[in-house]
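Heads up, the thing below is written out as structure tokens.
Quick note: the coordinates plus some simple rules give every number you see, no bench work behind them. Keep in mind the model is a prediction, meaning the values are calculated, not measured. Cβ atoms come from the backbone with ideal geometry, glycine included; neighbour counts cover every protein chain shown.
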Amino acid sequence: MTTLHWADSRLEIHKVVVGPYENNVFVLRCRDTGESILIDAANEHDRLLELCRRLDVRRVLETHGHHDHIGAVAAMREAGYEVAVASQDAPMLKDVGYDVFLDDAEVIEVGSLRLHAIHNPGHTPGSISFLVEGSPVLFSGDTLFPGGPGNTNYGGNFATIIDSLDNRLFTLPSNTVVMPGHGVDTTIGNERPHLAHWVERGW
């Protein structure tokens, strides 16, 4: 079964859905060099390691530290892959480990591609989205889904996630394709008009 989810002349995005929470795991691959990065080593490490070998993955980026997004981290690190996470969420990885911190506005190079880290706290204190430079693709983790923000009941803050959406993500162009940590893609243009409704309903 093909894993290719989205592509243009410069890049490929591969997607697999893993684990009991049906987590999306994405691999961003540079077509120029063949190099890739994996976003969220969530679960089913054997499947992810096979994907990593096939697509020449060089490192792993975590959107946040919730348990359903880090289930394969220990196995990935054991296989030699560097795992990066925001410092605010690093304590959540104490049992599986991590290697380096991700900072807001950090630029991650993937072959000739550039990925911009956007710190958008609220779902967790260290939640990070990743925007592909020169492409309309945003990996939003659990910060933004079709129909609203991610759950803030597990160490999150609703006012904070609304602020992150309003000031960090909804400033992006309407045609930005949002690829979330669970479920199907959406766009910034589809979601932005509903912000006031989400605030009113409180979740």
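One table, with the values for the structure above:
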quantity: Check: the chain dipole with +1 on Lys, Arg Cβ and -1 on Asp, Glu Cβ, in debye; calculated: 280
quantity: Estimated translational D of the chain in µm²/s (Stokes, Kirkwood radius over Cα pairs; 4 °C; 1.567 mPa s); calculated: 78
quantity: Overall form of segment 65-120 per C-alpha gyration tensor (a/c, 1.5; a/b vs b/c); calculated: oblate
quantity: Candidates Glu106, Glu191, Glu50: whichever shows maximal mean-square fluctuation once the chain is modelled as a Gaussian network with Cα springs under 10 Å; calculated: Glu50
quantity: Normalised contact order of the chain, rounded percent, pairs of Cα under 8 Å and 6 or more residues apart; calculated: 14
quantity: Within a Gaussian network of the chain (alpha carbon springs, distance under 10 Å), most fluctuating of Leu49, Leu115, Leu102; calculated: Leu49
quantity: Top of Asp68, Asp56, Asp95 by mean-square fluctuation, Gaussian network on the chain, Cα under 10 Å; calculated: Asp95
quantity: Protection proxy ranking, peptides 20-32, 171-183, 123-135, average beta carbon neighbours within 10 Å, highest first; calculated: 123-135, 20-32, 171-183
quantity: Signed unit charges on C-beta, dipole axis of segment 4-201, positive-most listed residue His66, Val25, Trp6; calculated: Trp6
quantity: Helical contribution to [θ] at 222 nm, DSSP H n ≥ 4, -39,500 (n - 2.57), averaged over the chain, rounded to 500; calculated: -4500 deg cm²/dmol
